[in-house]
Each structure stands twice: as C-alpha cells, then as structure tokens.
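Notes follow once the structure below has been shown.
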C-alpha cells in the first residue's frame, strides 16, 4: 500500500505511549486513504472517518490529562488546537452523513498535514516538559493503544 502518512523518527516524540497513539491515528488516515484509492463504498470510508474521529477524541483526552497532571504551561493553547480540530472533524462528519460532502483526497491532504504538523510542532513542544516532569519514555506494559496498532497493521 502507498501510505499517505509514513511513520518515521521525525514524527516520534520519544515517549512510546504517545508515539503508539500517533501511529494508530496515522494508520487510520492511511486506511481511509487506501479505501478512497480503491473506490470502496461511501459507507466504508464514512465508518473509517468515524473511527478516526473517535480515536482522535480519545487521544486528545489522554494528552490533555497528561498536560494537566504534569502542569504543562501551554495547556490552554494546545487544548484550543484540539478543540478546533474536533470541531472541523465533527462538521465534516455531519456533511458526510447528510450527503453534502464526500471524503476525498482534499480531506486526506488536510488530515495528513494536520496530523504531521501537529505532532512535529505542537506535540514536540511538550515532550521535554513531559519527560522532565517524570513521564516514562518507554511503556511498562503493552497498552491497549499498542495492541490496537498491531491489530491494524498485523
């Protein structure tokens, strides 16, 4: 498969739990991209978009919780970025459900740019703070996120 978002060290934050969650989101973007390329049914693509939205919301809740626990100083700005993306995704979901928009390559480009830009700029900004505040860079046990990533790519 020709992946739209290829995982690389450049995207890694160096905190395994968060990297696993980001890999899962990248996997869903790639899965949607593949479904569009293969001209799969609208319902399949819509379901993948819904999964992506759901996992994105969960990912943001986890990240925002860590920011509060670890007293991240730029929490409000980062949370606003999350809220803006969730609003955009929910608007798109509504349009797709109503038949007023389709999931196409323009959307895929938006998702790719947003995911990679957000990880490489906004998320990398908190990495040093998280680690210095005690976040463990390595997972102690395989998490549900890691298992889900493996199921998507296994």
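Rule-based calculations on the coordinates, nothing more; no lab input. Small disclaimer: the values here were computed from a predicted structure and weren't measured. As a convention, Cβ positions derive from the backbone with ideal geometry for all residues, glycine included, and neighbour counts pool all protein chains shown.
Observations on the structure shown:
- Residues within the range 15-50 that are surrounded by fewer than 17 Cβ atoms within 10 Å (Cβ to Cβ) and either under 16 Å from residue 112 (Cα atoms) or out of contact with any helix residue (DSSP H, G or I) (no Cβ under 6 Å at 6 or more places or on another chain) (or both), tallied: 10
- Residue match in the range 117-124 (condition: over 18 Å from residue 12 (Cα atoms), touching a helix residue (DSSP H, G or I) at 6+ places or on another chain (Cβ under 7 Å) and surrounded by fewer than 18 Cβ atoms within 10 Å (Cβ to Cβ)): no
- Residues that are under 13 Å from the mean Cα position of the chain (by Cα) number at least 1 in the following helices (runs of 4 or more DSSP H) confined to the range 37-140: 42-69, 75-97, 105-117.
- Residue match in the range 5-18 (condition: outside any loop (DSSP other than H, G, I, E, B) and under 14 Å from the mean Cα position of the chain (by Cα)): yes
- Selection count where residues are more than 13 Å from residue 109 (Cα to Cα) and touching a residue at least 24 places away in the same chain (Cβ under 8 Å), scope the range 2-33: 18
- Residues located in the range 51-71, provided they are touching a residue at least 60 places away in the same chain (Cβ under 8 Å) and over 15 Å from residue 115 (Cβ atoms): 66, 70, 71
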